[in-house]
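Report on the following structure.
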Amino acid sequence: MLLHLSEKLRRFLANISTARRINANTVPIAAWALMEVIQDRALWKSAQEEAEPAFEISPATDERTLNVQKMMALPLLQSVYSETLRLHVSVNAACKVVADTATIAGYKLPKQSLIQAPTRVAHHNKKT
């Protein structure tokens with residue numbers, strides 16, 4: 001299907017596809033992050049302590065609100081988010097157009113075909 005599209009259009013479609021998958025993962029990633037954190041009591045306690053200052057009392061309404069800017073700047077929660085993405089999201093981030101017909105592990109890759117490499121393989125390899 002993508003064989004007859006221009007290289008620029010192929011890359012655009014690959015990027016759109018990747019963005020859709022990442023945005024579609026917002027709720028599952030939040031659930032995975034929570035499940036990862038609550039498995040480790042020390043991490044759970046540290047995350048709670050780090051997040052507490054991001055909640056503020058509004059002087060106008062006297063309600064407790066979340067300061068999103070502060071929350072996004074918290075290093076431990078950023079680490080939890082990054083690790084959750086690494087462990088639980090597979091993105092075909094490496095998209096390439098085959099320059100010349102090649103055969104890899106018995107699979108023929110025709111010239112100008114689009115190939116993608118999944119990130120999950122490397123993210124679960126203990127050597128990387």
(message) Restricted to Cα positions, what overall size does region 23-128 have along the principal axes? Three whole-Å values, descending.
(response) 66, 31, 19
(request) Compare the Cα positions of GLY106, GLN116, ALA54 along the charge dipole of region 44-128 (+1 at Cβ of Lys, Arg; -1 at Cβ of Asp, Glu; about the Cα centre) and return the one farthest towards the positive end. (result) GLY106
(message) Which three extents, in angstrom, do the Cα atoms of region 26-88 have along their principal axes, listed largest first?
(response) 41, 25, 17
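Bear in mind these aren't lab numbers, they're just calculated from the coordinates by the rules spelled out. In this text the structure is predicted, and so the values were computed from the model without any measurement. Please note: Cβ atoms are built from the backbone with ideal geometry, for glycine as well, and neighbour counts cover all protein chains shown.
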